Amino acid sequence: MNERQTLTMERSFAAPADRVFDAFTSEEVMRRWWHAGPDWETPQARVDLRVGGEVRVVMRNPHEDARYGGGGRYTEIDPPQRLAFTWVWDDDRDQVEQLIEIDFAESDGRTTVRFVHRDLWDEEAVSDHEDGWNKVFENLRREVESG
């Protein structure tokens with residue numbers, strides 16, 4: 001079996017940490033931004049914000065009427081500094097459990113998000129996820145910086 005791969009990204013947003021943290025933990029807000037295209041939609045976002053509680057997101061590409069869903073369980077919740085949860089994609093035959101860790105650091109009204117997606121299956125998955133998360137983070141920027 002191959003070594004599992006890790007994707008690490010960092011983004012800065014012109015918004016306070018509590019607003020950015022809320023964007024990752026409010027079902028209503030998640031439905032507005034958590035998708036991999038500017039005109040995609042998120043028909044499902046489910047949050048049970050407690051350690052062991054469920055997180056689930058389903059994105060829809062309207063051009064292909066394709067759905068991409070996944071979810072897991074919260075492992076760490078420390079508002080508004082840190083959030084961590086397991087993740088498994090619905091279409092992953094092997095059901096490989098990944099770990100997503102997000103740290104939020106606020107300074108002068110800006111929040112830096114350090115995002116780590118662990119246990120991806122190979123370099124191609126890292127590249128694919130980096131592309132997808134870049135698009136998702138652009139949607140997040142529009143969401144948190146507009147409000």
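Phi angles across the stretch 47-52 convert, under the Karplus curve 6.51 cos²θ - 1.76 cosθ + 1.60 with θ = phi - 60°, into 3J(HN,Hα) values of 9, 10, 6, 7, 4, x Hz, Gly and Pro given as x.
Phi-derived couplings, Karplus 6.51 cos²θ - 1.76 cosθ + 1.60 at θ = phi - 60°, listed residue by residue for the stretch 68-73: 10, x, x, x, x, 10 Hz, with x used for Gly and Pro. Round to a whole angstrom and tell me the spacing of the C-alpha centers of the stretch 53-117 and the stretch 1-32. Rounded to whole Å, the Cα centres lie 7 Å apart. Maximal additional length on extending the Trp121-Ser146 stretch stands at 5.5 nm, based on 0.36 nm per residue less the C-alpha distance. Between amide H atoms placed 1.01 Å from N, distances below 5 Å from Arg82 occur with Phe104, all of them 5 or more places distant or on a separate chain. The stretch between Asn61 and Ser12, if pulled fully straight at 0.36 nm per residue, gains 15.0 nm over its current Cα-Cα span. For the stretch 110-123, 3J(HN,Hα) computed residue by residue from phi via the Karplus equation (6.51, -1.76, 1.60; θ = phi - 60°) reads 10, 10, 9, 9, 9, 10, 10, 10, 9, 6, 6, 6, 6, 4 Hz, glycine and proline entered as x.
Each of His117, His63 was scored by other Cβ atoms within 10 Å of its Cβ. Arranged with the fewest first, they read His63, His117.
Each value in this text was obtained by applying a stated rule to the coordinates, not by laboratory testing. What you are looking at is a predicted structure, and each value in this text was computed from that prediction instead of being measured. Using ideal geometry, Cβ is built from the backbone for each residue, glycine included, and neighbour counts are taken over all protein chains shown.
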